[in-house]
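See structure below.
Each value in this text was obtained by applying a stated rule to the coordinates, not by laboratory testing. On a predicted model such as this, the values are computed, not experimentally measured, just so you know. Please note: Cβ atoms are built from the backbone with ideal geometry, for glycine as well, and neighbour counts cover all protein chains shown.
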Amino acid sequence: MKRRLLLLLLPVCFLGLALFFYQGLALDPSQRDSALMAREFPAFEATRLRDENQRVDQSLLTGEVTLVNVWGEWCPACKQEMPQLLELADHGIRMVGVNYRDSREKGLEFLSEFGDPFEINIFDPEGELGFDLGVYGAPETFLVDADGVIRYHHKGYVSPEDVRERILPEVEKWR
Amino acid sequence: MALIRLILALTMLVMASGAVAAGIELREFDDPVKEKRYHDLTSSMRCPLCENQAIDDSDAPISADMRERVYRLIEDGQSDTEIINHMVQRFGEYILYNPRLENRTYLLWGLPFALVLLGVVIVVLMIRARRHASAKALSAEERQRIDALINRKGSS
């Protein structure tokens, strides 16, 4: 009897592992948390998109809950999510843009064509700030709390459902 | 048909040259050790965007940025560990092909050893059980039966 139980141990182990790995198959590797979650917004120094003489740094992101959207004129999904970002700005949420790997002209052209929900746009032509934010494809959206700590990260296109079901509740939570 | 073949051949040629162009920026190192470190580091980091390519093998813009950063940090005199930490801080553990040993990876690293150990324990237990069974003395009744069988064969 004891030996039988012992022999059963192996198939049980196998089944357990198989189930564990099977669950892993259903995970989407692109849906992973940003490494910057719960960390401070990285230090940076850059100029404004609209004014190359005006310098901005990380102190821009303290004092109020802010949504930081990383976008570029070359990025089609950024254009598609603009209506949602304008809606978020209409909700009274402070929006800051990071113009990622773009030229000033292209960036400004984008804003005049698709609207400008941003209080300020940080000009990041070399993608330095983007790199420190761990951005590996635009658009990406970060929620930064009043202390300048990153609290939520949305990778990719923001759909109207994302606004209602994820972003607005997160903003409320950290306000 | 010939036209299709020609188009196919051309497409493949273009794709092949694209693959060759990936990740071959010419980097000048004054020190062969640095060059070796550069290749080891860039081949052990996973591209965050393309999932199954190392950054030294990937065409994605982010991979080029990461190679550039690795190069700069090596030239700045940072150690391999510092460079790896620098990258993990930004892009997460995900980019390491060899996950580091820490709380959440104990299971990953430990499981193979635990399974081998479990197998050894099971085999040892089975051998011992079998040895025990064969070493057990025969009962008087069994001995009698054996004797009877042997004798019958011997007398005939």
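B:I84 meets the stated requirement of being more than 9 Å from chain A (Cβ to nearest Cβ), out of contact with any Lys or Arg (no Cβ under 8 Å at 6 or more places or on another chain), buried (at least 18 other Cβ atoms within 10 Å of the Cβ) and within 14 Å of B:L41 (Cα to Cα). Taking the criterion of being surrounded by 15 or more Cβ atoms within 10 Å (Cβ to Cβ), more than 16 Å from B:S79 (Cα to Cα) and either within 14 Å of chain A (Cβ to nearest Cβ) or of a type in the set (A, V, I, L, M) (or both), the residues of the stretch B:25-48 that qualify are B:R46, B:C47, B:P48.
One residue stands out among those in the stretch B:71-81 that are in contact (Cβ under 8 Å) with a residue 24 or more places away in the chain and over 23 Å from the mean Cα position of the chain (by Cα): the one that is nearest to the other protein chains (Cβ to nearest Cβ), which is B:Y71. Just wondering, is there one or more residues in the stretch B:97-117 that are under 18 Å from B:S43 (Cβ atoms), in contact (Cβ under 8 Å) with a residue 24 or more places away in the chain and either within 12 Å of chain A (Cβ to nearest Cβ) or assigned to a helix (DSSP H, G or I) (or both)? No, the stretch B:97-117 has no match at all. All of B:I55, B:I62 fail the test of being within 14 Å of chain A (Cβ to nearest Cβ), over 30 Å from A:V12 (Cβ atoms) and touching a Leu at 6+ places or on another chain (Cβ under 6 Å), apart from B:I62. Flag: A:A46 matches the condition of being surrounded by 14 or more Cβ atoms within 10 Å (Cβ to Cβ), more than 19 Å from the chain's Cα centre (by Cα) and either hydrophobic (A, V, I, L, M, F, W, C) or within 11 Å of chain B (Cβ to nearest Cβ) (or both). Just to be sure, is B:E93 within 14 Å of chain A (Cβ to nearest Cβ) and not hydroxyl-bearing (S, T, Y)? So B:E93 passes the test.
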